[in-house]
Amino acid sequence: MTVTESPPLSSPPVNTPPTHTPPASGRTSAVSAVSGQPLPGRQDRYTISQVAAFTGLSAHTLRWYEQIGLMPEVERSHSGQRVFGSADLEWLSCVARLRLTGMPVAVMVRYAELVRRGATADDERREILVQTRHDVVARIAELQDTLIEIDSKIDSCQGARRTPERA
């Protein structure tokens, strides 16, 4: 995998990533990335403002995602405004999950390119996902070690608090 070939990217404004879990069935559905609830009217055409509200991403970030190739080119209305569909919302949910893994933006862009290429890029796409999984497992282990340390500190604080009471 050669990710260093991607052009340098500037960062968008800092936003809280969505906490949406995609449907387990694998079916495409219009679901809010924030609440996990079906979107109003179950329509398949959403404005950038609606998508921003549903996902917690800013309109600027959504435009930036499209500009850098993290999102496929979004359909435009007759007046040139972006019109997002349910598939776009599902893709944004996937991007949110990749962000939560700590995957660098350049790697996410590469992954998006590979997804658009289809089956011919399955091996490279799998390699990225396997590496990401490895990174997530390592991060979970670090967090578990950190939790053990925090629990130890909590226990020592409770012990210090109890000591004067026993005297």
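Per-residue counts of other Cβ atoms within 10 Å, averaged by peptide: what ranking do you get for 148-159, 84-95, 116-127, highest first?
Ranking, from highest mean packing down: 84-95, 116-127, 148-159.
Compare the peptides 70-77, 59-66 by average per-residue count of other Cβ atoms within 10 angstrom and give them in order, highest first.
59-66, 70-77
For the stretch 144-158, just list the computed ³J(HN,Hα) in residue order, Karplus coefficients 6.51, -1.76 and 1.60, θ = phi - 60°, integers in Hz, with x standing in for Gly and Pro.
5, 4, 5, 5, 4, 5, 5, 4, 4, 5, 4, 4, 5, 5, 5
Output ³J(HN,Hα) for the stretch 126-138: one whole-Hz value per residue in order, computed from phi by the Karplus curve 6.51 cos²θ - 1.76 cosθ + 1.60 with θ = phi - 60°, and x for Gly and Pro.
Coupling constants for the stretch 126-138: 4, 4, 4, 5, 5, 5, 5, 4, 4, 4, 5, 4, 5 Hz.
Between Val83 and residues 5 or more places away or on another chain, which pairs have amide H atoms under 5 Å apart, with H built 1.01 Å from N, and which residues are they?
Here Glu75, Arg76, Ser77 satisfy the definition.
Testing the spin-label approximation: label points 7 Å from Cα along Cα→Cβ at Val83 and Arg117. State their distance in nm.
The two pseudo-label positions are separated by 3.2 nm.
Karplus couplings for the stretch 80-88 from phi (6.51 cos²θ - 1.76 cosθ + 1.60, θ = phi - 60°), rounded to Hz, Gly and Pro as x?
After applying 6.51 cos²θ - 1.76 cosθ + 1.60, I find x, 7, 5, 10, 8, x, 4, 4, 5 Hz.
Under the classification rounded if a/c is under 1.5, otherwise prolate if a/b is larger than b/c and oblate if not, where does the stretch 52-167 fall, given a ≥ b ≥ c as square roots of the Cα gyration tensor eigenvalues?
Since a/c reaches 1.5 but b/c is at least a/b, the shape of the stretch 52-167 is classed as oblate.
Given 0.36 nm per residue, what is the gain on full extension from Thr47 to Ser152 after removing their alpha carbon distance, in nm?
Extending this stretch completely gives an extra 32.9 nm.
Bear in mind that the values in this text are calculations on the coordinates, not laboratory data. If you're wondering where the values come from, they're calculated on a predicted model, not measured in any experiment. Neighbour counts are summed over all protein chains in view; Cβ atoms, including those assigned to glycine, are modelled from backbone coordinates with ideal geometry.
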